[in-house]
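Derivation of every value follows stated rules applied to the coordinates shown; laboratory data play no part. Please read these numbers as outputs of a predicted model, since none were measured by experiment. Virtual Cβ from ideal backbone geometry, glycine too; neighbours counted across all protein chains shown.
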Amino acid sequence: MSEKRSLRDPGHLPNLRPDKRPRDPSWLPRQRRGITPQMIGRYPDYDVLENTENWDEATRRVVTARLDPPGPLRFFTAQEEPTLRAFCEVLLAQDAEPRVPVVELVDEKLAAGRLDGYEYEDMPDDRQTWRLVLQGLDGTAQEWHGKASFAACDSEDQEGIVKAFAAGALAGEAWVQLNVSHAWEVCTRMALEAFYSHPWAWNEIGFGGPAYPQGYMRLGPLSILEPHERPGATDEDPVRVAPELQG
Amino acid sequence: MIGNLLKGARGPKSNDSRYLLDVHRRDLPGKDTMCRYPESDEVDLLIVGAGAGGSVLAQRLARKGWRIVILEAGPFWHPDEDWVSDEAGSHRLYWNQKRIIGGADPISLGKNNSGRGVGGSMVHYAGYTPRFHPSDFETLTKDGVGADWPISYGELKPHYEELERELPVAGQNWPWGDPHSYPFSPHPVSGAAQVLWRGAIEMGIEMRAGPVGIVNGTFGNRPHCIYRGYCLQGCKVNAKASPYVTHLPDALAHGVEIRADSMAVRVELDDAGKAIGVTYVREGEALERFQRAAAVAVCGYSIETPRLLLNSTSPRFPNGLGNSEDQVGRYVMVQGASQSAGRFPDEQRMYKAPPPEVSSEQFYETDEDRGFARGFSIQTISPLPIGWAEHVIAEGHFGRALREYMRDYNHWTTIGVLNELLPQPENRVTLAEEKDPYGVPVAHFAHSRCENDKANMEYSKKILKDILQAAGAQDTLTIQRYAHLIGGARMGTGPENSVVDADHRVWGVPNLFLADGSVCPTQGSANPALTIMALSSRLAERLATKQIRAAAMELAR
């Protein structure tokens, strides 16, 4: 459960911690309203989806479509799926339900051919890059840990491999066909876009979300919350606090 | 003084776009009743690209009675349906067709700097509209780097002023470059930007609010900004300036045809070497079409303009148009755009208000003590969640660490620089071997920084850190990136050093003009949109008043 501390203090940020490692998210309360990934409640009483009636129709359509039941995969194969899921899970620390369907959102983008308009000269097409990366992760898992695939490794080993991927420090059969640093950028760009396009992730970070035609008028510094926004986690009793927040 | 008294009251003289827009819907009035010209009709001017350059050129000359068609590769927007308050959902606004990037410092394209569709990249620019400084036009003479323009700041100045009334630009009186004021008062500054401003004051750095092309007050049928923060996703409000709302409504009312979904493939010449029109392909068709014209203006920006010129080969011009001296596609520039974010005890919620709010041009010109030539500007910015995630992962945080920094989003505020990177011949657009679905080779863009570029970027990163520290930031995150595009077909004094002359005319082709950012020999550290528009405005004036020697052009009027 959450310990008594103020969010004015930045001590939870990895750069400022003695071991530079993030805390287990259990220091935060559980989400009390709406859904967040893994129900982590940094904004426990905030649900951006309660404001959808104030969004324009086109925006509402695009955003709420992300809540539809995900899948099935169209671009990635059944063979690729376990490693793909494991990689996205490590990258975004989605180790429990509810999960933002990152795998399905990336798959949908690749299947539809919605690429981003540029390709590094030392790289294949983004679609081929993803396939090679999954092969490369499996190859490294075999080489480093004697496991049949990346998905078969324990989470500590998976994290180690992803850390080496982030540093561009992977070599092997599939990796030689890629610039590893560029491959990291291509894959993370897409996975992060998928995750942070999802309203559950907006709940987790307290983002106010779409605001047309409503607008944002509380620009701070004194008045910072719109009627639909909620402050970060506190240790106060939500039952007592929440009614006072109704804008 | 009188200018200050009249803030909020000065409208443009010859542009009715603000009154032509519909208050209740964002579709362009006049689109359904727009003029249509047969392909066999020799129009007075055929423009390639409905962005900042092409739209201003069309609007100005249409008012002088020119019969004009604009070919635009992308769609004609229906903003109410097509644009959304959503980062990932705005993918269609960008030029997503394949391009290849290389060099030691490859440049991300697509959403970073490339638009597609009626209105061009300004549909998704941040709204920031500073002028270039007078020094930008003579960096070779003054600083020994870059190039001198064949025109001076003074020649653009009246066009800057007119465009600032048309967009309209809101901002504080501007003390840098050529000091000037703006027609509209500055927007309110968000708390997130105020924190940074305080840090700058602490450091002895002067910052000012604006200039942004965003309505602040009443301006015809365009509403006041609602500070929703999605400037980069297309302004559904119609408050942010783009040619879509500032020039194309007036252009349509004066007989311009905008032919959307039409990708130019080649500029065609007759046996005498005069442009006779453009071959193009409509989206979804295989057939090549051809539109006749008495003159052609290419306004496709720094990647597509060189690509079109290079692809327009003929026995007379085997290396493409304007390229007899191997100048097309060279000297493409981007700006260094490192950004640093700082963490503060109170919630900042930087996603509210326009992304750029206060800025400084104090470091714009050369200061020998800094150890490099030219300089940079400083601007506050405010990434939305997906943009913020790019900041976090740039420092190597993934998994739980990434999630922790992301959850902290509301406590952060961001400040960035725009570094003037110098024009270099090897930073260039060439044609790759690979072809697009229309059979046109895709563009290859190589980019590497020189030592001066690196020194500039390093120095400015330190200034950002200092500002954040002075503001009391508890933690910082920094991302090194690049923004904007400029150059690639620059203006100069002869075909051996440029692609066009001071009148934007392609060397060797008397009735072919380039009117976009590609003609700029230098870029300063200002966002380019306003300058691109001002250049087109000047060109239009010179064409309309026949100051350009028209003997070889034989224009209809």
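For segment B:462-482 and segment A:67-87, what is the separation of their C-alpha centers, rounded to whole Å?
Their Cα centres are 39 Å away from one another.
Quick check: from the Cα gyration tensor, does segment B:230-340 come out rounded (a/c under 1.5), prolate or oblate?
Oblate.
Which one of B:G229, A:L49, A:Q177 is farthest out on the positive end of the charge dipole of the protein assembly as shown, using unit charges on Cβ (Lys, Arg +1; Asp, Glu -1) and the Cα centre as origin?
Highest projection toward the positive end goes to B:G229.
Collect residues whose amide H, placed 1.01 Å from N in the peptide plane, falls under 5 Å from the amide H of B:V278; neighbours closer than 5 in sequence don't count.
Long-range HN contacts for B:V278: B:E268, B:Q291.
How do A:H198, B:H247, A:H145 line up, fewest other C-beta atoms within 10 Å first?
By the 10 Å Cβ count, ascending, the order reads A:H145, A:H198, B:H247.
Mind grabbing the base-10 log of I(q)/I(0) for segment B:159-204 at q = 0.13, 0.15, 0.31 Å⁻¹? Debye formula, identical points on the C-alpha positions, no solvent, two decimal places.
Log10 of I(q)/I(0), two decimals: -0.40, -0.52, -1.05.
Mind putting together the pair-distance distribution for segment A:157-208? All Cα pairs, 5 Å bins, whole percent per bin, short to long.
4, 18, 20, 19, 13, 12, 8, 5, 1, 0
Once every DSSP H run of n ≥ 4 in the protein assembly as shown is given -39500 (n - 2.57) and the sum is divided by its residues, what mean residue ellipticity at 222 nm do you get, rounded to the nearest 500 deg cm²/dmol?
Counting only the DSSP helices, I get -8000 deg cm²/dmol.
If one computes the Cα centroid of segment B:163-196 and of segment A:123-143, what distance in Å separates the two points?
Between the Cα centres of segment B:163-196 and segment A:123-143 lies a distance of 49 Å.
For chain A, what does the alpha-carbon gyration tensor say about shape, rounded, prolate or oblate, given a ≥ b ≥ c as the root eigenvalues, a/c under 1.5 as rounded, and a/b over b/c as prolate?
prolate
Evaluate 2.2 N^0.38 Å with N set to the residue count of segment B:106-225, then give the Cα radius of gyration divided by it.
1.24
Just list whichever of B:K142/B:K465; B:K111/B:K142; B:K13/B:K461; A:K20/A:K147 have alpha carbons separated by over 32 Å in the model shown.
B:K111/B:K142; B:K13/B:K461
List, largest first, the extents of the alpha carbons of segment B:147-290 along their principal axes, each in whole Å.
So the extents along the principal axes, rounded to whole Å, are 65, 39, 28.
Any chance you could list P(r) for segment B:2-544, counting all Cα-Cα pairs in 20 angstrom bins from zero, rounded to whole %?
For segment B:2-544, the pair-distance distribution reads 23, 58, 18, 0.
Classify segment A:81-195 as rounded, prolate or oblate from the Cα gyration tensor: take a ≥ b ≥ c as the square roots of its eigenvalues, call it rounded if a/c is under 1.5, otherwise prolate when a/b beats b/c and oblate if not.
Note, shape of segment A:81-195 comes out oblate.
Which of the trypsin sites (Lys or Arg not before Pro) found in segment A:11-116 are loop residues per DSSP with 11 or fewer other Cβ atoms within 10 Å of their Cβ?
Passing sites in segment A:11-116 are A:K20, A:R74.
Once the mean 1/r over all distinct Cα pairs of segment B:404-557 is inverted, what Kirkwood radius in angstroms do you read off?
19.2
Rounded to whole Hz and in sequence order, give me ³J(HN,Hα) for segment B:233-249 from the Karplus expression 6.51 cos²θ - 1.76 cosθ + 1.60, θ = phi - 60°, writing x for Gly and Pro.
Ordered by residue, 3J(HN,Hα) equals 10, x, 8, 6, 7, 6, 7, 7, 6, 8, x, 4, 10, 9, 10, 6, x Hz.
Given all pairs of different Cα atoms, what value in angstroms does the Kirkwood hydrodynamic radius of the protein assembly as shown take?
Hydrodynamic radius (Kirkwood, Cα pairs) of the protein assembly as shown is 27.2 Å.
Volume per residue, Å³, of the convex hull around the alpha-carbon atoms of segment B:119-184?
Output value, Cα hull per residue: 118 Å³.
Rg to Rh ratio, segment A:118-178, alpha-carbon atoms and Kirkwood radius?
0.99
If you take all C-alpha pairs in segment B:7-155, what percent of them are over 18 Å apart?
In whole percent, the long-distance tail amounts to 72.
Please list 3J(HN,Hα) in residue order for segment A:141-153, calculated via the Karplus relation 6.51 cos²θ - 1.76 cosθ + 1.60 where θ = phi - 60°; whole Hz, with x for glycine and proline.
Result, rounded to whole Hz: 4, 5, 5, 7, 10, x, 9, 5, 7, 4, 5, 7, 6.
Once phi is turned into ³J(HN,Hα) by the Karplus curve 6.51 cos²θ - 1.76 cosθ + 1.60 with θ = phi - 60°, what whole-Hz value does each residue of segment B:207-217 show in order, with x for glycine and proline?
Karplus values, whole Hz, x for Gly and Pro: 10, 9, 7, x, x, 10, x, 9, 4, 10, x.
Across every pair of different alpha-carbon atoms, what Kirkwood hydrodynamic radius in Å does segment B:45-91 reach?
12.4
Whole Å is fine, so just give me how far the alpha carbon centre of segment B:81-97 lies from that of segment A:175-237.
Here the two parts' Cα centres lie 17 Å apart.
Angle, helix B:153-166 long axis vs. longest principal axis of chain B, Cα atoms, 0 to 90°, nearest 10?
For B:153-166 against chain B, the angle is about 80 degrees.
Using amide H atoms built in the peptide plane, which far-off residues or other-chain residues are under 5 Å from B:V442 H to H?
B:A432, B:E434, B:K435, B:D436
For segment B:71-154, what number results from the quotient of the Cα radius of gyration and 2.2 N^0.38 Å?
Here the Cα radius of gyration is 1.48 times the empirical estimate.
How high is the relative contact order of segment B:2-544? Use alpha-carbon pairs under 8 Å, at least six apart in sequence, and give a whole percent.
Computed over segment B:2-544, the figure is 23 percent.
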